[in-house]
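Reviewing the structure listed below.
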Amino acid sequence: MPVVRSLVLAAGLLFFVAPAFAQDLRDVPALRERITDLTGTLNVNDVAALDARLTPIEEDTGSQVAVLIVDSTRPESIEQYAIRVAESWRLGRRGVDDGVLILVALDDRRVRMEVGYGLEGAVPDALANRIIDERMTPRFAAGEVADGLAAGIDALAATIRGEALPAPANLSRGLPDVGGLLPILLIVGMTIGGALKRALGAFPGAMLAGGIVGVIVWFLAGVILTACVAGVIAFFVTLFLS
């Protein structure tokens, strides 16, 4: 009987608590234009300029590219929401599946390119992420959303047409000023990192300290490569310094 009462109590708690954690998924807007901005970030001239970049892609290659800007995709990840939008919009030619969705979640500071199967050879995930990291994210971080989209669309159009992206002009471009970050990283390594090492052990503590620094730099700089470099430096500083 005590077991039965416990099960009944647990079921009752689950009945009342579960709705508190349930969140409605964001609706997928109808596809009416190539540019759908639900945040009001772009003005009329921005939309016209971006549409003028997207139209030739469809006319010249048949591939259809559309842009969706939202404030957030929560409670879903940007990947999950992008898949739902792509399945609803069905971009690209039937039987070819050569559409691309550019999804921007401003408040989440996330960008995603959902590429149809017909373009995966021309625009693999690694190339799509490179376009986002090199062409779009730095401009978004500076508040230049329209310019970031324009740069991303131009690079995407080149790859769809079979043109290779030029190599990065300077691999250190966009990287943090290591000299300026060293004092912060040393402080983290010798204070927060030291406490984490004592609590979790050397390697797990260093990993967590590096992750914390990486997240902080990501929010400040908005560049994934910059955050990764800072996180790696913080990891080694925490691991090897007392």
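The values are calculated or read from the model by the stated rules, or taken from the named source; none is laboratory data. Quantities reported herein were computed from a predicted structural model and do not represent experimental measurements. Cβ atoms come from the backbone with ideal geometry, glycine included; neighbour counts cover every protein chain shown. Surface accessibility is based on the protein's heavy atoms, side chains included, excluding ligands, DNA and RNA. Shrake-Rupley method; radii C 1.70, N 1.55, O 1.52, S 1.80 Å.
Quick notes
- Considering segment 21-44, the residues that are outside any loop (DSSP other than H, G, I, E, B) and open to solvent by 60 Å² or more (accessible area, probe 1.4 Å) include one that is modelled with the highest pLDDT, namely Val44.
- In this entry, Ala126 is excluded by the filter for residues that are surrounded by 19 or more Cβ atoms within 10 Å (Cβ to Cβ) and in a helix (DSSP H, G or I).
Rundown of residues vs (1) crowded, with 22+ Cβ neighbours inside 10 Å; (2) touching a Pro at 6+ places or on another chain (Cβ under 9 Å); (3) not small (Gly, Ala, Ser), yes/no style:
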{"residue": "Ile102", "(1), (2), (3)": "yes, no, yes"}
{"residue": "Arg109", "(1), (2), (3)": "no, no, yes"}
{"residue": "Tyr117", "(1), (2), (3)": "no, no, yes"}
{"residue": "Ala122", "(1), (2), (3)": "no, no, no"}
{"residue": "Ile131", "(1), (2), (3)": "yes, no, yes"}
{"residue": "Arg135", "(1), (2), (3)": "no, no, yes"}
{"residue": "Ala142", "(1), (2), (3)": "no, no, no"}
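- Matching option when the condition is assigned to a helix (DSSP H, G or I) and modelled with pLDDT of 95 or more, among Ala66, Ala48: Ala48
- When segment 82-123 is filtered for residues that are assigned to a loop (DSSP other than H, G, I, E, B) and small (Gly, Ala, Ser), the ones remaining, listed by number, are Gly92, Gly95, Gly116, Gly121, Ala122.
- On the stretch given as segment 216-242, residues that are within 19 Å of Lys197 (Cα to Cα) and either at pLDDT 70 or above or among the hydrophobic types (A, V, I, L, M, F, W, C) (or both) total 12.
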